[in-house]
Amino acid sequence: MDSTAQKNKILIRVEDVSFHYGHQTVLSHVSLDMHTGDFLAVIGPNGSGKTTLIKIILGLLEPDQGRVKILGRSLGGFSEWSKLGYVPQNATHVDPFFPVSVKEVVDMGLIKEARSKQAGKEKGMEAISWALKQVDMEDQQNHRIGNLSGGQQQRVFIARAIVNKPVILFLDEPTTGVDAETQDRFYEMLGVLNKKEKMTIVLVTHDIGIVNKHVNRVACLNQKLIYHGDHDEFCRSEAFKSMLEGGHHLVSHRH
Amino acid sequence: MEAFLGYGFLQRALLAGIFIAVACALLGVFLILRRDAMIGHGMAHVTFAGIALGLLLSVVPLYTALAVTVVSVVGIIKIKKKAGLYGDTAIAIFSSAGFALGILFVSLGRSFNVDLFSYLFGDILAIGNEEVWLSVFLALVVIFVIVLNYKKLLFMTFDSESAKAAGIKVNRLDMLVGILTAVTVVLGMKVVGILLVSAMIVLPAAAGLQLAGNFKRAILLSVAVSVVSVLGGLVCSLCLDLPASGTIVFAAFIIFLLFFLIKLRRDRK
Ligand SMILES: Nc1ncnc2c1ncn2[C@@H]1O[C@H](COP(=O)(O)OP(=O)(O)OP(=O)(O)O)[C@@H](O)[C@H]1O
Ligand SMILES: [Mg+2]
């Protein structure tokens with residue numbers, strides 16, 4: 001398969017993971033590896049378990065079966081959470097009255113073990129400015145988050161997720177409610193983070209168009225892992241063809 | 001004013017009052033934003049059982065109140081998680097059970113007397129020497145713990161899922177906030193009494209939240225409102241010969257109203 005990926009280090013290993021909500025099977029025997037430098041798109045119809053899989057990887061849900069290893073450690077023994085960035089789906093369900101500024105929201109991402117206080121503060125300000133610049137929100141840093149539009153809020157949450165310069169960035173449908181032009185610039189930005197900052201990116205999306213532009217790996221999920229591998233290969237695969245021809249529902253018939 | 005300060009009882013009241021005011025306001029901001037404003041009210045009812053138990057057993061009621069309240073808050077949080085109850089339902093169950101138990105203790109101990117009333121309606125001006133130091137110490141602990149965990153508490157209050165993903169032990173902090181609330185309710189009771197203690201937690205924070213554009217300012221403003229209410233309330237109550245608890249809480253309410261009106265005007269512009 002992909003020779004560069006073979007050489008690269010495995011950052012995340014999902015091994016035979018299954019998950020149920022009551023009697024409903026959400027994930028069944030999913031296994032996949034993610035390597036340094038991957039820009040992985042996770043696609044699949046609504047309710048196919050994409051968010052569930054991300055939450056299991058992040059330790060927010062316990063799998064009923066199987067294991068997850070991050071950076072070589074099992075979830076139980078993992079503690080370097082600052083190396084992971086996460087933008088949850090529907091991050092923009094913000095309480096409009098919560099008195100918190102853009103800067104303070106991004107600052108939340110800087111929670112870490114104690115460093116020297118003063119140096120930490122200066123570094124922190126620098127990191128916040130850098131993150132806000134990436135998402136084009138520097139000018140609004142003192143605005144109250146509740147006064148921003150949904151798309152602007154989404155960008156702030158992305159800034160919070162990258163402020164630590166995480167090794168792996170998880171984004172769960174981050175461009176819901178973001179206008180087309182901003183979306184383009186946003187994916188451009190993810191491309192830069194992926195190439196220049198060597199950030200590994202896991203992106204849950206319904207937007208097949210974007211998959212073509214920046215992504216180099218694809219995981220197609222519907223309870224089971226239907227396809228996982230190289231992006232170019234994916235475009236030639238049956239899974240992709242059926243998706244293009246029949247839309248998502250063809251894939252969802254394979255329950 | 002200087003003449004007043006010569007009185008030991010006033011010095012003690014001011015000292016304890018200011019520290020407790022700061023603790024109440026700090027905690028109040030987090031509780032309101034977590035939609036947990038009523039927990040103070042619920043815990044106050046449980047405190048009643050603790051006080052009545054102390055009077056029944058002739059133990060210093062502050063100690064029994066602390067014990068009973070802390071145990072109940074742990075119970076509320078556990079039940080909420082395990083039984084999948086809504087937060088306000090769990091609070092309603094514990095507060096009514098607590099109050100019922102309190103009534104039973106009171107009648108068993110035949111303690112319907114001045115002592116009990118000073119706990120119901122508050123009597124900060126009668127606070128004793130030992131109680132002052134205990135109150136100041138506990139208030140300092142509450143303040144210290146909140147300041148130390150400030151960023152984590154803010155993160156999980158704003159967005160608990162992401163906070164969890166960032167490695168914050170959200171369940172542990174939930175429990176911590178609960179225990180701090182229990183301690184603060186018992187402290188606030190010393191100032192304004194069981195019946196008004198939730199006001200000490202909710203009013204200054206609600207006032208601060210009206211006008212603040214960021215979180216730091218919300219915290220500072222709430223603390224300021226709380227301290228001013230206690231100071232102003234105490235002085236007014238002495239000058240006008242009114243009960244301290246009612247005056248303090250009413251002062252806080254007036255400030256809340258003022259801030260609310262300022263906000264209305266500002267929003268209209
Ligand atoms: N809290 C929950 N309780 C019970 N069932 C749930 C819960 N959350 C999700 N599910 C079920 O799990 C399945 C997978 O949900 P998940 O959120 O992972 O889907 P998804 O692929 O992210 O979908 P979408 O594209 O709509 O975001 C769904 O069928 C849903 O009904
Ligand atoms: Mg989802």
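The values are calculated or read from the model by the stated rules, or taken from the named source; none is laboratory data. Fair warning: this is a prediction, and the values are worked out from it, not measured in the lab. All Cβ positions, glycine included, derive from the backbone under ideal geometry; neighbour counts span all protein chains shown.
Cβ contacts < 8 Å: first residue of a type outside the set (Ser, Thr, Tyr), restricted to region B:233-253; second residue crowded, with 16+ Cβ neighbours inside 10 Å and not in a helix (DSSP H, G or I), any location; separation 6+ or different chain. Result? From region B:233-253, the pairs are B:PRO243/B:GLY122; B:ALA244/B:GLY122; B:ALA244/B:ASP123; B:GLY246/B:LEU196; B:VAL249/B:LEU196. When A:HIS20 is tested against (1) away from ligand 2 (no atom under 16 Å from the Cβ); (2) surrounded by 18 or more Cβ atoms within 10 Å (Cβ to Cβ), only condition (2) is not met. The set of residues in region A:158-182 being within 16 Å of ligand 1 (Cβ to nearest atom), within 22 Å of A:PHE98 (Cβ to Cβ) and within 12 Å of chain B (Cβ to nearest Cβ) consists of A:ASP172 alone. Across region A:169-186, the number of residues qualifying as crowded, with 22+ Cβ neighbours inside 10 Å and not in a loop (DSSP other than H, G, I, E, B) comes to 4. Among the residues in region A:163-183, are any free of Cβ contacts under 8 Å to residues at least 24 places away in the same chain and either among the polar types (S, T, N, Q) or in contact with a Leu (Cβ under 7 Å, 6 or more places away or on another chain) (or both)? Within region A:163-183, not a single residue is free of Cβ contacts under 8 Å to residues at least 24 places away in the same chain and either among the polar types (S, T, N, Q) or in contact with a Leu (Cβ under 7 Å, 6 or more places away or on another chain) (or both).
Looking at region B:197-208, can you tell me whether even one residue there is within 14 Å of chain A (Cβ to nearest Cβ), of a type outside the set (Asp, Glu) and surrounded by fewer than 24 Cβ atoms within 10 Å (Cβ to Cβ)? Yes: one or more hits. Hey, does region A:24-45 have a residue that's more than 21 Å from A:LEU203 (Cα to Cα) and out of contact with any strand residue (DSSP E or B) (no Cβ under 6 Å at 6 or more places or on another chain)? Yes, region A:24-45 contains at least one residue that is more than 21 Å from A:LEU203 (Cα to Cα) and out of contact with any strand residue (DSSP E or B) (no Cβ under 6 Å at 6 or more places or on another chain). Screening B:GLY178 on (1) closer than 28 Å to B:ALA126 by Cα; (2) more than 14 Å from chain A (Cβ to nearest Cβ) shows it passes everything except condition (1). Annotation: B:VAL60 fulfils all but one of (1) closer than 20 Å to B:GLY128 by Cβ; (2) within 17 Å of the chain's Cα centre (by Cα); (3) of a type outside the set (Lys, Arg); the unmet one is (2).
Annotation: B:VAL147 fulfils all but one of (1) among the β-branched types (Val, Ile, Thr); (2) surrounded by fewer than 16 Cβ atoms within 10 Å (Cβ to Cβ); (3) within 14 Å of the chain's Cα centre (by Cα); the unmet one is (3).
When A:LYS83, A:LYS112 are checked against the criterion of being within 11 Å of chain B (Cβ to nearest Cβ), away from ligand 1 (no atom under 12 Å from the Cβ), modelled with pLDDT under 90 and under 15 Å from the mean Cα position of the chain (by Cα), a single residue qualifies: A:LYS83. A single entry from A:SER18, A:SER31 fulfils the requirement of being more than 14 Å from every other protein chain (Cβ to nearest Cβ) and within 16 Å of ligand 1 (Cβ to nearest atom): A:SER18. In region A:117-133, the count of residues that are farther than 28 Å from A:LYS55 by Cβ, in contact with a helix residue (DSSP H, G or I) (Cβ under 6 Å, 6 or more places away or on another chain), within 14 Å of another protein chain (Cβ to nearest Cβ) and at pLDDT 90 or above is zero.
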